[in-house]
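Since the structure comes first, as structure tokens, the remarks are kept for the end.
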């Protein structure tokens, strides 16, 4: 395919002026080259396999590697509280219908591996096996709250927040809040972070509801840990603009998630993605990295999530979502089962005793599962190969079909890639009034590119997409 055109400098300048870090001139701390190119794979152990154990999850590591993943993120593996008093259950836990008193995000003992998942030896074995495959491992830190039976509440009553009468204060999800005004609590949690890096070899952490914990705790803890472990990976579940200045390597991006849902549900046009991207970039530091995700353990566990996004958007729709998340700037994030087009309901409160909702691994043998796995692998390989995808600028282009088609350029180190994605379940044509010279087609589905009198016309089938080299 050869269509002689070139990018008009005015369009590039307009995109940059509209969206690139206009409001915040702070600079994010550098991360490692490996993490910059990585894709993150989340494992929720109780639903990942029917056994729900670390040992069984370890057997799946070659599969995760074969999908092109680089970082394995384990949802909490330490002992959770199984208190049956529903006063201390979250709304989502009650609504799940599983009647499971165990909430993996309500901690009982931060230093003990939950027996339901295995032993210390099992976690060590998991990490070692992952490292042999070239995979990093990060754990989940849940420090905003604990369970009502947390092991330190009696021995260290000031580790939790209490009211004027001395009663334990519960937070947003009906769990006791940890007291970060207590220096001893801070040191306890720092030692917990150090423990899993030092004694188990984990590579870092994802931090639950990061923004509800004092920022200076994360700054201090990360500075201390990185003196010995400089490659420590830190991912924060928040959009706190200052998180990456000294402590974090990446943040969550709920604005992008909400835009994806609204666009693929047909409630918003494709241009909403650009608006969400611009809004986040305007408040984040220069060179900040955000996770690009649709599904995770939270969204998949919502009651309305019983009709999964895979079913809502269809397999081809979810293919288009993955192309967007891998091709836009940031760190792509894959929830367990997304890589095989799993459409089963995956509640975090499910287990072999409650609910029995598991990843439908048989879908890996179905046509859509095979196609999705091949797509994820291809996208991951492209991020490893093309600096334009892993660290390049994102330059949005105006099109004649802003309601249906998202088009942007990724550029770095002399590489330029054009990305076009139809976000609707109907055919679309998008004209670009810029001069582009198109080279190799790197990835496409249902795409046709033509030269026109006005510029470039891209015809896309429902949920079609194309990634092209350009000059």
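The values are calculated or read from the model by the stated rules, or taken from the named source; none is laboratory data. Since we're looking at a predicted model, the values are computed, not measured. Neighbour counts run over all protein chains shown; Cβ positions are idealised from the backbone, glycine included.
None of 291, 346 is closer than 25 Å to residue 140 by Cβ, in a strand (DSSP E or B) and either out of contact with any helix residue (DSSP H, G or I) (no Cβ under 8 Å at 6 or more places or on another chain) or modelled with pLDDT under 95 (or both) except 291.
Taking the criterion of being in a helix (DSSP H, G or I), closer than 24 Å to residue 41 by Cβ and at pLDDT below 95, the only residue of region 65-100 that qualifies is 92.
Consider residue 115 carefully, then state whether it is in contact with a strand residue (DSSP E or B) (Cβ under 9 Å, 6 or more places away or on another chain), part of a loop (DSSP other than H, G, I, E, B) and closer than 21 Å to residue 206 by Cα. No; evaluated as a whole, the condition is false for this residue.
For every residue, the table says whether it meets (1) free of Cβ contacts under 8 Å to residues at least 24 places away in the same chain; (2) more than 15 Å from residue 326 (Cα to Cα).
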site: 388; (1), (2): no, no
site: 393; (1), (2): no, no
site: 402; (1), (2): no, yes
site: 418; (1), (2): no, no
site: 426; (1), (2): no, yes
site: 440; (1), (2): no, yes
site: 448; (1), (2): yes, yes
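Among the residues making up region 79-91, a single one is buried (at least 18 other Cβ atoms within 10 Å of the Cβ) and either without any contact (Cβ under 8 Å) to a residue 60 or more places away in the chain or touching a helix residue (DSSP H, G or I) at 6+ places or on another chain (Cβ under 7 Å) (or both): 79.
If only residues of region 344-355 that are more than 18 Å from the chain's Cα centre (by Cα) and closer than 19 Å to residue 60 by Cα are counted, the one that is surrounded by the most Cβ atoms within 10 Å (Cβ to Cβ) is 351. Against the numbered list (1) under 18 Å from residue 71 (Cβ atoms); (2) touching a strand residue (DSSP E or B) at 6+ places or on another chain (Cβ under 7 Å); (3) surrounded by fewer than 21 Cβ atoms within 10 Å (Cβ to Cβ), residue 238 comes up short only at (1).
Looking at region 134-149, is at least one residue free of Cβ contacts under 8 Å to residues at least 60 places away in the same chain, crowded, with 17+ Cβ neighbours inside 10 Å, more than 16 Å from residue 75 (Cβ to Cβ) and in contact with a helix residue (DSSP H, G or I) (Cβ under 7 Å, 6 or more places away or on another chain)? No, region 134-149 has no match at all. Starting from residues that are more than 24 Å from residue 382 (Cα to Cα) and touching a helix residue (DSSP H, G or I) at 6+ places or on another chain (Cβ under 7 Å), keep the ones in region 419-471 and report whichever is surrounded by the fewest Cβ atoms within 10 Å (Cβ to Cβ). Within region 419-471, the match that is surrounded by the fewest Cβ atoms within 10 Å (Cβ to Cβ) is 425. If you go through region 321-345 and keep only what is closer than 17 Å to residue 298 by Cβ and touching a strand residue (DSSP E or B) at 6+ places or on another chain (Cβ under 6 Å), you end up with 325, 333, 334, 335, 336. Within region 396-410, restricting attention to residues that are crowded, with 21+ Cβ neighbours inside 10 Å and in contact with a helix residue (DSSP H, G or I) (Cβ under 7 Å, 6 or more places away or on another chain), the residue that is nearest to residue 455 (Cα to Cα) is 397. Checked across region 325-337, the condition of being more than 21 Å from residue 48 (Cβ to Cβ) and assigned to a helix (DSSP H, G or I) holds for at least one residue.
The lone criterion from (1) part of a helix (DSSP H, G or I); (2) crowded, with 20+ Cβ neighbours inside 10 Å left unmet by residue 377 is number (2).
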